[in-house]
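**Student:** What follows is a single structure, and I will ask about it in a moment.
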Amino acid sequence: MRERKTSVLIFLILLSACAAWSRELPETCTYHVYSWNAKTQTSVGHRTIRHPYDEIKGDEVDPASGCTVCEEDQVTIELPPLKPFRFCRNYAPVLKAALETLLRAGEPITEIDGYHAGRTRGALDKNGNRTGFSSHAYGTAVDINRNRNGFYHDCFVFNPKCRLMQGGPWRPGTSGTLTADGVIVETLKAAGFKWGGEEEGSQKDFMHISLTGF
Ligand SMILES: [Zn+2]
């Protein structure tokens, strides 16, 4: 009996290993990159990068998730009537299931943005351009209802003096606004995601839901 259990276990381990290996790696890595300029508050330097997939290097891959900036590693999630958006292939099923639960329950989600390969985080170069990829660049983040869940600076704790940088003003209690005790944030956190409204430090990104942080 014990032998049989052991062989069943070995079979299951082999089966899951095969599933992980069965996807052939893409031949190329393609992405449309740009930088966020902190002086002009615009996106600059738009260009398309394409190279062999096995030449992925440096910050093109996110060590925390294994997701990459390559379009080939993203899948499109369709949840009509929302506009389709892209997310890292490995985690898309978990996100999609959580969002389907919320939409079925009638939660007011009207807009979702996912993957875009922008350097919108981190240190500035001499021209004022951000140099780090955000989690959106790896397809591990979505922005929900941006017009009701702004991104703020100078905001260690939310107060009327926080500086709205992107999106619309955050007014807890109004429909479609994300809050710590709301069903949208609670459901996505239960599925393993983090909420940018709980980001420590001076920024609060109320629209932002991500796998690995901010
Ligand atoms: Zn975001």
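**Student:** Those residues that are closer than 20 Å to Leu178 by Cα, of a type in the set (D, E, K, R) and either touching a residue at least 24 places away in the same chain (Cβ under 8 Å) or loosely packed, with under 14 Cβ neighbours inside 10 Å (or both), I need them from the range 74-112; list them, please.
**Tutor:** Correct list: Lys83, Glu100, Arg104, Glu107, Glu111.
**Student:** Right, another one. Which of the residues belonging to the range 34-60 are closer than 16 Å to Thr140 by Cα and in contact (Cβ under 8 Å) with a residue 60 or more places away in the chain?
**Tutor:** Asp59
**Student:** Being more than 12 Å from the ligand (Cβ to nearest atom), open to solvent by less than 40 Å² (accessible area, probe 1.4 Å) and touching a strand residue (DSSP E or B) at 6+ places or on another chain (Cβ under 8 Å) is the requirement here; does Ile184 meet it?
**Tutor:** When the stated conditions are applied, Ile184 passes them.
**Student:** Taking the range 116-142 only, how many residues are within 18 Å of Gly192 (Cβ to Cβ) and in contact with a helix residue (DSSP H, G or I) (Cβ under 8 Å, 6 or more places away or on another chain)?
**Tutor:** 3
**Student:** Suppose we keep only residues that are away from the ligand (no atom under 15 Å from the Cβ) and not basic (Lys, Arg) within the range 187-214. Which one would you say is most open to solvent (accessible area, probe 1.4 Å)?
**Tutor:** So the residue we want is Glu200.
**Student:** Would it be correct to say that Phe156 is within 30 Å of Pro93 (Cα to Cα) and either modelled with pLDDT of 95 or more or within 16 Å of the ligand (Cβ to nearest atom) (or both)?
**Tutor:** In short, no.
**Student:** Anything in the range 121-144 that is open to solvent by 40 Å² or more (accessible area, probe 1.4 Å) and not hydrophobic (A, V, I, L, M, F, W, C)? List them, or say none.
**Tutor:** Matches in the range 121-144: Arg121, Gly122, Asp125, Lys126, Asn127, Arg130, Thr131.
**Student:** For the range 117-137, give me each residue that is within 12 Å of the ligand (Cβ to nearest atom) and hydroxyl-bearing (Ser, Thr, Tyr).
**Tutor:** Thr120, Ser134, Ser135
**Student:** Which condition does Arg146 not pass, out of (1) under 12 Å from the mean Cα position of the chain (by Cα); (2) within 11 Å of the ligand (Cβ to nearest atom), if it passes all the others?
**Tutor:** For Arg146, the exception is condition (1).
**Student:** Quick check on the range 169-179. Is at least one of its residues under 20 Å from the mean Cα position of the chain (by Cα) and not in a loop (DSSP other than H, G, I, E, B)?
**Tutor:** Checked against the condition, which is being under 20 Å from the mean Cα position of the chain (by Cα) and not in a loop (DSSP other than H, G, I, E, B), the range 169-179 yields no hits at all.
The values are calculated or read from the model by the stated rules, or taken from the named source; none is laboratory data. Model, not experiment: these values are computed from the prediction. All Cβ positions, glycine included, derive from the backbone under ideal geometry; neighbour counts span all protein chains shown. Ligands, DNA and RNA are stripped out before the accessible areas are found, and what is left, the full protein with its side chains, is counted by its heavy atoms. Shrake-Rupley method; radii C 1.70, N 1.55, O 1.52, S 1.80 Å.
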